Structures are given as structure tokens and as C-alpha cells.
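Okay, so here's the structure we're looking at.
The values are calculated or read from the model by the stated rules, or taken from the named source; none is laboratory data. Quick caveat, the model's predicted, so the values are computed rather than measured. As a convention, Cβ positions derive from the backbone with ideal geometry for all residues, glycine included, and neighbour counts pool all protein chains shown.
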Amino acid sequence: MSTGLDMDPGPKPPSTAPDQFYTGLVAELYDPLAGYRARADEYAPFLDRSGTPALELCCGSGRPLLELRERGYDVDGLDASRDMLDRCRADASTRGLEVTLYEATMQSFALPRRYRAIFLAGGSFMLLPSDEDAARTLRCMHDHLMPGGAVMIPVPAHPERRPATNHGPEGPPWHTTESGDRVRCFGVASHPSADGRAVTERLRYERIPAHGPPEVLERDFHLRYWSQDAFRELLLGAGFADFRFRDPRGGPARPDLPMFVVLARK
Ligand SMILES: C[S@@+](CC[C@H](N)C(=O)[O-])C[C@H]1O[C@@H](n2cnc3c(N)ncnc32)[C@H](O)[C@@H]1O
């Protein structure tokens, strides 16, 4: 695809580990380009029901973690990317908030605290590359819950059918950041897995800084999906016997929903 710009990403870099996708330029552009930001209102009712302390897995640069901290909820954050956690820490400091953050993968964390509530925001569970990774994540969550503690996990069930976008030779529109940089991200290729349960998208990140040379980075983004039946097996295997699936907008989850919310209790 020609974007009309002379920016050569150079030789294809080695594929990044899925839990280190959000590093470097990708982490820097996450906030300016994020289409969806999780809001505290979506998670506060779960914390009100389950109690605190709570833990947000994949907290990234801090949505909804910091808004929840602002409202006085005792919530810790965990993420595998040091760059995203640095951004979260900087934002917390700007807002005058104290927050405990752990750098670890959700598949293999061992923390000093036990929680009444553990949750993920948005669709970050789909960043887990395999069923084994998902099983390990649920076991870690179970191990870190107090008796009677609860988890909340939004689970993408199948890839969204996004219409192909033809941006023309100039590529997609640019976004201008507060510091005057022009930035954008767009998919250049998409490869579904043979079983239809995973997709690898090649994403291209571009930044034209207000000062300095343009930057370009291409990176593979791996996404995996779980049906309600597959997730039921994972939950039972991790020791959760008390669970239900909900429609994100409320009510029971129909099996054909693109995303369902898992509520499970230890
Ligand atoms: C969509 S982003 C951040 C979402 C966050 N709610 C926000 O808006 O700031 C997903 C995050 O998951 C983290 N992540 C991906 N795989 C992970 C893993 N296996 N363990 C822990 N964190 C992971 C990434 O580093 C990234 O910060």
C-alpha cells in the first residue's frame, strides 16, 4: 500500500512476543490512537458487589484503573509491558494518585496480596495466544482470590466482521496529538487461523513528529477468541464451579454474541 510518504519500515523485524506487543512506539501511540477507553462506570458496579481490594489485569496505561483509584477504590494494576506501566505511573503522578503496579504476565503472576475482585477491562483476554495460556491465567486468578472472591472477564467470542476499508493512495487520516505530532495506525494484512479461532493482523504505526524524522513500525497483533462452551471448560479446569455468562449490555448471554462477560466466584 502506498501512503504517499517516503517512510520505509526496513526489513521485517522478528515477531514480537504477544505480551510485548505494547512496547516502544506502540505504547507511545496507544493513548492518542485508542478508539475505546474503558470507563470506571463499567467496572464500579462489579467492585461494589464483590468488594475490594481488587486487581486489574492488563491495566496498560491505566484505564479504568486510575479513574477507579480517583473514586477511592482500592485497586492494584498488573501488566506485562514496562512501557505501558511507565505511562500509567506518570499519569497517576500527574493526577496525584498512589497506585500499586506489578510488571508480570497474566499467565504467571505471583503477588503478595489476595483480592476480593480480579478483572480485565475491554477485550484484553483475547491477547492470550493459546488455550494453555488462558488456562494458566484463570488458575492464577483463582489462586489470588480470597474465598468468595469474584472475577469479571469480558471475552470476545469471534472476530468482528469489519468491512475492508479502502483508504486510497494517501492512506487513512492522520490524528494530531497535543504536542503537534501527526500519528496513525492501520492494518496492512490480516491472517485468520485455519480453525477460525485466531487472527494475526499486521499493523503499521506511523508518526511524523513536529520536529525530527518520521518513524514507522510494523508489528504482528495476535488475537484469539473463545466460545462460551470452550470457556466453560477452562473455568471448570481452573477450579471455578460457580460462574455465569452475561450480555455486556445486561441480561443472559446468547451463544451468538460477539462478546460475553464471565462472572465467576471462588
Ligand atoms: C488494550 S491494552 C490496555 C488496556 C488498558 N485497559 C488501557 O486502556 O490502558 C492491553 C494491555 O494488555 C497488556 N498485555 C497483553 N498481554 C499480556 C499478558 N499476557 N500479561 C499481562 N499483560 C498483557 C499489554 O501490555 C497492554 O498494556
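Pairs please, first residue from the stretch 129-149 and within 13 Å of LEU111 (Cβ to Cβ) and touching a residue at least 24 places away in the same chain (Cβ under 8 Å), second anywhere and within 13 Å of the ligand (Cβ to nearest atom) and among the polar types (S, T, N, Q), Cβ atoms under 7 Å, 6+ apart in sequence or on different chains.
CYS140/GLN107; CYS140/SER108
All but one of (1) over 15 Å from TYR22 (Cβ atoms); (2) at pLDDT below 95; (3) of a type outside the set (Val, Ile, Thr) hold for PRO129, so report the exception by its number.
(1)
Is it the case that the stretch 207-222 has a residue that's under 17 Å from ALA134 (Cβ atoms), within 22 Å of the chain's Cα centre (by Cα) and assigned to a loop (DSSP other than H, G, I, E, B)?
There is no residue in the stretch 207-222 that is under 17 Å from ALA134 (Cβ atoms), within 22 Å of the chain's Cα centre (by Cα) and assigned to a loop (DSSP other than H, G, I, E, B).
Within the stretch 137-158, which residues are surrounded by fewer than 19 Cβ atoms within 10 Å (Cβ to Cβ) and closer than 21 Å to LEU223 by Cα?
ARG139, HIS158
Okay, residues lined up against (1) hydrophobic (A, V, I, L, M, F, W, C); (2) touching a strand residue (DSSP E or B) at 6+ places or on another chain (Cβ under 7 Å); (3) at pLDDT below 95:
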| residue | (1), (2), (3) |
| --- | --- |
| PRO112 | no, no, no |
| HIS144 | no, yes, no |
| PRO172 | no, yes, yes |
| TYR205 | no, yes, no |
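Being within 10 Å of the ligand (Cβ to nearest atom), among the hydroxyl-bearing types (Ser, Thr, Tyr) and in a loop (DSSP other than H, G, I, E, B) is the requirement here; does TYR73 meet it?
When the stated conditions are applied, TYR73 does not pass them.
So if I check each of ALA189, ALA230, ALA194, which one is aliphatic (A, V, I, L, M), assigned to a strand (DSSP E or B) and either under 30 Å from PRO147 (Cα atoms) or free of Cβ contacts under 8 Å to residues at least 40 places away in the same chain (or both)?
Being aliphatic (A, V, I, L, M), assigned to a strand (DSSP E or B) and either under 30 Å from PRO147 (Cα atoms) or free of Cβ contacts under 8 Å to residues at least 40 places away in the same chain (or both) holds for just one of ALA189, ALA230, ALA194, which is ALA189.
In this structure, does HIS191 turn out to be of a type outside the set (A, V, I, L, M) and in contact with a Ser or Thr (Cβ under 6 Å, 6 or more places away or on another chain)?
For HIS191, the condition - of a type outside the set (A, V, I, L, M) and in contact with a Ser or Thr (Cβ under 6 Å, 6 or more places away or on another chain) - is met.
Evaluate the following for LEU47: is it in contact with a strand residue (DSSP E or B) (Cβ under 9 Å, 6 or more places away or on another chain), more than 10 Å from the ligand (Cβ to nearest atom), modelled with pLDDT of 95 or more and closer than 20 Å to PHE109 by Cβ?
When the stated conditions are applied, LEU47 passes them.
Output the residue which, of all residues in the stretch 89-110 that are closer than 20 Å to MET152 by Cβ and touching a helix residue (DSSP H, G or I) at 6+ places or on another chain (Cβ under 7 Å), is surrounded by the most Cβ atoms within 10 Å (Cβ to Cβ).
MET106
Within the stretch 18-44, track down each residue that is within 11 Å of the ligand (Cβ to nearest atom) and either farther than 25 Å from LEU223 by Cβ or among the basic types (Lys, Arg) (or both).
Those that are within 11 Å of the ligand (Cβ to nearest atom) and either farther than 25 Å from LEU223 by Cβ or among the basic types (Lys, Arg) (or both): ARG37, ARG39.
Quick one: ARG82 ticks every box in (1) surrounded by fewer than 17 Cβ atoms within 10 Å (Cβ to Cβ); (2) within 11 Å of the ligand (Cβ to nearest atom); (3) at pLDDT below 95; (4) not aliphatic (A, V, I, L, M) except a single one, so which number is it?
It is condition (3) that ARG82 fails.
Here is a check on your reading of the model: is GLU56 modelled with pLDDT of 95 or more, of a type in the set (Asp, Glu) and more than 9 Å from the ligand (Cβ to nearest atom)?
Taking the combined requirement at face value, the residue does not satisfy it.
Residues of the stretch 111-125 being surrounded by fewer than 18 Cβ atoms within 10 Å (Cβ to Cβ), more than 13 Å from the ligand (Cβ to nearest atom) and either in a helix (DSSP H, G or I) or in contact (Cβ under 8 Å) with a residue 12 or more places away in the chain (or both), which ones?
ARG113, ARG114
Could you please give the count of residues in the stretch 12-52 that are surrounded by 12 or more Cβ atoms within 10 Å (Cβ to Cβ), within 17 Å of the chain's Cα centre (by Cα) and not aromatic (Phe, Trp, Tyr)?
21
Have a look at THR94, THR137 and point out the one that is outside any loop (DSSP other than H, G, I, E, B), among the hydroxyl-bearing types (Ser, Thr, Tyr) and either within 12 Å of the ligand (Cβ to nearest atom) or within 16 Å of the chain's Cα centre (by Cα) (or both).
THR137
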